[in-house]
Amino acid sequence: MKNSTFHSAFKLQGKSFNSKEELIDFSKEISAEVSDFLRNWFDENSFVEVKTSGSTGNPKIIRLQKKQMAHSAKATGDYFNLPQNTTALLCMSPNYIAGKMMLVRALTLGWHLDVVEPTSNPLKNCDKNYDFSAMVPMQLHNSLPDIHKIKKLIVGGGTVSNELLSKIQEVKTEIFATYGMTETITHIAVKKLNVIASGAKQSYYKTLPNIKIAVDYRGCLVIDAPTISAEKVVTNDLVELISPTEFKWLGRIDNVINSGGIKLIPEQIEEKLAGIIENRFFVAGKKDAVLGEKLILICEGIKNENLLNKIQCLGTLSAYEIPKEIYFLEKFMETETNKIDRVKTLEFLK
C-alpha cells in the first residue's frame with residue numbers, strides 16, 4: 001500500500017480531489033487529526049501506527065498494515081452493501097481506530113464522507129441524511145430524535161444498555177453492535193440490535209466475510225482472519241459458539257469472579273441489574289477471607305439506600321449474583337475513549 005491512492009468516486013465534505021496532495025491540503029481545514037491521518041495513509045510506509053483504547057489494559061501503539069486496513073474496509077462494504085457513492089458521516093475521533101477506519105472505508109470504497117466534530121450529539125445540527133455512520137452508545141442515546149437521518153448505523157466502544165436497546169426497537173434505522181478491537185482493525189463481527197420489529201427474539205454476532213472463529217481451552221474466542229491479521233488473534237472474551245459464523249458474547253475472562261468456587265461473569269450480572277440502576281455501575285470481585293472473592297457493586301453518583309432491597313427483589317439474580325457490598329463513588333475513572341476504567345476506579349475503594 002505504499003504511495004496509496006484513493007477511489008475516483010471519493011468525496012470529502014462534498015468535494016472531489018485530483019491528487020492526494022490536494023486532499024491533504026483541504027483536510028487541514030477540517031481538523032489536524034484528519035489531516036495527520038491522511039498524511040500517514042499516503043506516506044511511504046506500509047503501515048499505520050494506531051493507539052489502542054486502553055479498555056482492557058494500558059494503551060499502546062501498534063502497527064497495522066495499510067493493505068489489511070483496506071481489506072477490512074472492503075469486508076464492511078460487502079457485508080452492509082455499501083458501494084461507491086455511499087454517503088457516510090464520521091462523527092468519531094480520527095485519533096482511534098474506529099474513526100480512522102471510517103476514513104479508510106471512504107477512501108477505499110469511494111464514499112462521499114462528511115466529517116463533523118465528535119460531540120455527544122453529532123446529529124443535533126445536521127440537515128443531511130446519510131447511508132452509513134458509526135457511533136458510541138452515548139452518541140446514539142443523545143441522537144435518538146434525529147437517528148432517522150442515518151440508514152445504517154454501527155455502534156461500538158461500549159455496551160448498549162437495556163434501556164437504550166428498548167428505545168431503538170421501533171426506529172427505522174438499521175442499528176448494529178460491533179465486535180472487534182484495534183488488533184483486528186475494528187469489527188470482525190456485527191449483531192443486529194433492533195430485531196423485535198423483524199420478528200426475531202435474539203440476535204447473535206455474525207462474522208464478516210473471510211473470518212473464521214473458534215474457542216480455546218478457556219472458552220475464549222480465537223479469530224482467524226488472514227486478510228487482516230497475519231497471526232490468529234487469541235482474545236480474552238468468553239463466548240458461546242452458535243454456528244461456524246455466529247457467537248454469543250458472555251464477558252471477559254479477566255473479569256470473572258471466583259466466589260466460594262462459583263464462577264461469576266460480571267457482564268451477565270450487569271445486564272440483569274441494568275433495568276433497576278439508572279446511573280453508571282459495574283460489579284467486581286473483592287478479596288475475602290472466606291469466599292476468596294466476594295461480589296461487590298460499584299455505582300456512580302449519590303448513595304441510594306433502597307438499592308440493595310431492589311436488587312434482592314429482582315427475580316433474575318441467583319443467590320450468588322446478589323452483591324455482598326455496594327459502594328457509591330462520585331465519579332468513575334475513564335479511559336481516553338470515555339469507557340469506565342474498572343481497575344483505576346477500584347483503586348479508590350482501597
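3J(HN,Hα) along region 70-86, derived from phi through the Karplus expression 6.51 cos²θ - 1.76 cosθ + 1.60 where θ = phi - 60°, amounts to 5, 4, 4, 4, 5, 4, 5, x, 5, 5, 9, 6, 10, x, 4, 6, 4 Hz, with x in place of Gly and Pro.
Extension gain, His148 to Asp288, is 45.4 nm, computed as 0.36 nm per intervening residue step minus the present C-alpha separation. Summary of the geometry: region 222-277 and region 301-339, compared by the centres of their Cα atoms, lie 21 Å apart. Close amide-amide hydrogen proximity is noted between Gln13 and Leu113, Asp114, Val115, each under 5 Å apart and 5 or more residues distant or on a separate chain (H modeled in the peptide plane; Pro and chain starts excluded). Relative contact order of the chain, taken over Cα pairs closer than 8 Å and 6 or more residues apart, is 10 percent. Ordered by the number of other Cβ atoms lying within 10 Å of each residue's own Cβ, fewest first, Cys220, Cys91 fall into the sequence Cys220, Cys91. The 3J(HN,Hα) values that the Karplus relation (6.51, -1.76, 1.60; θ = phi - 60°) gives for region 256-261 are, in residue order, 4, 10, 9, 10, x, x Hz. Gly and Pro appear as x. Distant-in-sequence amide contacts of Arg252, defined by a placed amide H-H separation under 5 Å and a gap of 5 or more residues or a different chain, comprise Leu238, Glu267. Other residues with beta-carbon under 15 Å from the beta-carbon of Ser93 carry, at +1 per Lys or Arg and -1 per Asp or Glu, a net charge of -2. Ordered by the count of other Cβ atoms within 10 Å of each Cβ, fewest first, Thr227, Thr184 give Thr227, Thr184. Ranked for footprinting exposure by Cβ neighbours inside 10 Å, fewest first, Met135, Met333 give Met333, Met135. Give the label of the value calculated from the structure for volume of the Cα convex hull per residue in Å³, choosing from (i) 187; (ii) 132; (iii) 148. Computing volume of the Cα convex hull per residue in Å³ and matching it to (i) 187; (ii) 132; (iii) 148 gives (iii). Local charge for Thr159 was computed over the other residues whose Cβ lies under 12 Å away, with Lys and Arg +1 and Asp and Glu -1, and equals 0.
Using 0.36 nm per residue and subtracting the Cα-Cα separation, the extra length available between Asn306 and Arg280 on full extension is 7.7 nm.
Estimated purely from DSSP H runs of n ≥ 4, each contributing -39500 (n - 2.57), the mean residue ellipticity at 222 nm for the chain is -6000 deg cm²/dmol once divided by its residues. Here the Karplus relation 6.51 cos²θ - 1.76 cosθ + 1.60, evaluated at θ = phi - 60°, turns the backbone of region 244-253 into coupling constants of x, 10, 9, 8, 10, 7, 9, x, 9, 5 Hz, with x for every Gly and Pro. Among the listed pairs Lys67/Lys212; Lys51/Lys263; Lys51/Lys344, give every one whose C-alpha distance is greater than 23 Å. Result: Lys51/Lys263 exceed 23 Å. Placing a label point 7 Å from the Cα of Asp43 along the Cα-to-Cβ direction, the residues of region 95-112 whose backbone N falls under 18 Å from that point are 95-97, 100-101, 104.
Near Tyr327, the amide H atoms lying under 5 Å from its own belong to Leu297, Ile298, Cys299; only residues 5 or more places off or on other chains count, and H is placed 1.01 Å from N. Rounded to whole Å, give me the distance from the Cα center of region 8-46 to that of region 139-192. A separation of 27 Å, based on Cα centres.
FYI, it's all coordinate maths here, none of it is from the lab. Everything numeric in this text was worked out from a predicted model, so none of it was measured. When we count neighbours, we look across all protein chains shown, and the Cβ atoms used for this are built from the backbone with ideal geometry, even at glycine.
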